[in-house]
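Every number here is computed from the coordinates shown, using simple stated rules; none is lab data. From a predicted model like this one, the values you see are computed outputs, not experimental measurements. We place every Cβ from the backbone using ideal geometry, glycine too, and count neighbours over all the protein chains shown.
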Amino acid sequence: MTGSIILFLPVAACFFWMAITAMMASRTHTFRLFLGLLLATGLFLLTDAFYDAPGTPYSILRKMALLSQFTAPCLMPLVWMYMRALRRHELPKVIHYIWILVPVTLFTGGILLTHIAGDVQIEAFLRRLYTEGNGIVQEYQGGVFRTYYYWVVVAFRLVLLVEVLLLLGAYIRTFVRQHFHPRNVLGFFRGQKIRLIELQSFFILLLFFVFPLKALLYKDFLDQHVWISFALSLLLVIAIFAISYTSMFASKAEVSIRDMRISWRYNFGDQDKSEVVEEMISDLVEDAETEALKRIQGKIGESLDVEAVSRGDVILEKHLAADIFAAVANAWDDGGLLSRFQQLMFRDRKFLQPGLTLADVADALNTNKTYVSKMVNNTYNLGFPELLNTLRIDYAEEYILHHRDARQDEIAKACGFVSASTFNIIFKKVTGVTPKVWIASQSPSIDKQA
């Protein structure tokens, strides 16, 4: 029972990844080609599993022999078409499917010969062939069984051997032209980026190193060395999982282990939500085009309701600080680090504390300053001092509008600056003008609105 499970594991792996690919990778340009490759591989491995399993009824072996006539010769051409689409980002044309004539011819010929000889007679012939070896063929001089043997066994293996050699030649040519090298794969496992086509090429080589052995070894040999079938089946499972998993990233030119890991990180909990979402947003921003980011920015602005926040006699409305916080506020839960940071700085007005440092904020949030610094940089594209000054100047603008007669040292102290001179320097750096020039530029209508 255990042996049968191991033999059929590659079949299960193929159909498992067909379902996963259909759900998660339907937008890749190689989607249909890869599904076809998985289907053909799964059907061939199904025939091979019955072929390798000791004690399989010969009525089933007869049917599996015919099915393999069609499925096995499809594999190498499908691999070539898939790799070509992956390299050139274009789907195959009708002329590229001319190879289908080979498996159709083999399959049709096998059916005709089986029909001429009779099912029961073919089963008896296979029983002798698989138990006594190829030497029995000499007893069938000029008969239909000899023709059946040469068509279903010999011609089938020759076709596979020719296809494997052609595919190997195409691979060698690609490896040389594209400068593929095993050290790049080693670098991938160490966290470096690698071209997806290069990574997939090495995984497919592993698959088709095992495939000819599975297809060309005779049953009497495999029955005597069952452990070989088990070992080859396990290698096939590893290769299928590696190829199928990486195929979900077929739309990317390069990938790294981190890129692949992030694709599964949407299943996060409350404790690590902040860190995970920050990483995902950062990665998406790296890949997104400028126009796409502008459209997203517009949608965020339309959907968010930035409420005015009362601060005694000062009302902070839709100014820079409010926009900065509102742009990401709805993406976080109340327990997330960013949410707590916003509450500390925006609602509790921690930024008004003179001499506030990154370490002070980290202590207030019960975390380390390195992580807070990374969060601020990733979220606002600003360093902590820059963000702090932006918040203070934004508040200072509102304060000045409501306290036109206040002295600069009073404004500086109210807004968290240690001195009036520092306030003047920072105000000009952020706004481009001094506080006096700025207040002179504000019209009465703006004052009333404020």
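Counting pairs of Cα atoms in region 42-160, how many percent are more than 16 Å apart?
I get 64 percent for the Cα pairs in region 42-160 exceeding 16 Å.
Could you list GLU398, GLU254 in order of exposure, starting from the residue whose Cβ has the fewest other Cβ atoms within 10 Å?
GLU254, GLU398
Can you tell me what the convex hull of the Cα atoms of region 182-263 projects to on average, as an area in nm²?
If I average the Cα hull's projected area over directions, I get 6.0 nm².
How big is region 2-255 on each of its three principal axes, counting only the C-alpha atoms and giving the largest first in Å?
59, 43, 34
In what order do THR370, THR71, THR357 fall by count of nearby beta-carbon atoms within 10 Å, going from fewest to most?
Going from least to most buried by this count: THR370, THR357, THR71.
What number do you get for region 73-221 when its Cα radius of gyration is normalised by 2.2 N^0.38 Å, N = residues?
1.36
Please rank GLU397, GLU410, fewest neighbouring Cβ atoms within 10 Å first, as an exposure proxy.
Ascending number of Cβ neighbours within 10 Å: GLU410, GLU397.
Per residue, how big is the convex hull around the C-alpha atoms of region 342-447? Give it to me in cubic angstrom, could you?
So the per-residue hull volume is 104 Å³.
Hey, which of these cross-link pairs are over 22 Å Cα-Cα: LYS193/LYS369; LYS252/LYS374; LYS350/LYS413?
LYS193/LYS369; LYS252/LYS374
What percent do you get for the relative contact order of region 2-255 when only Cα pairs under 8 Å and 6+ apart count?
28 percent
In region 154-244, which trypsin sites (Lys or Arg not before Pro) are in a loop and have at most 11 other Cβ atoms within 10 Å, using DSSP for the loop call?
ARG190
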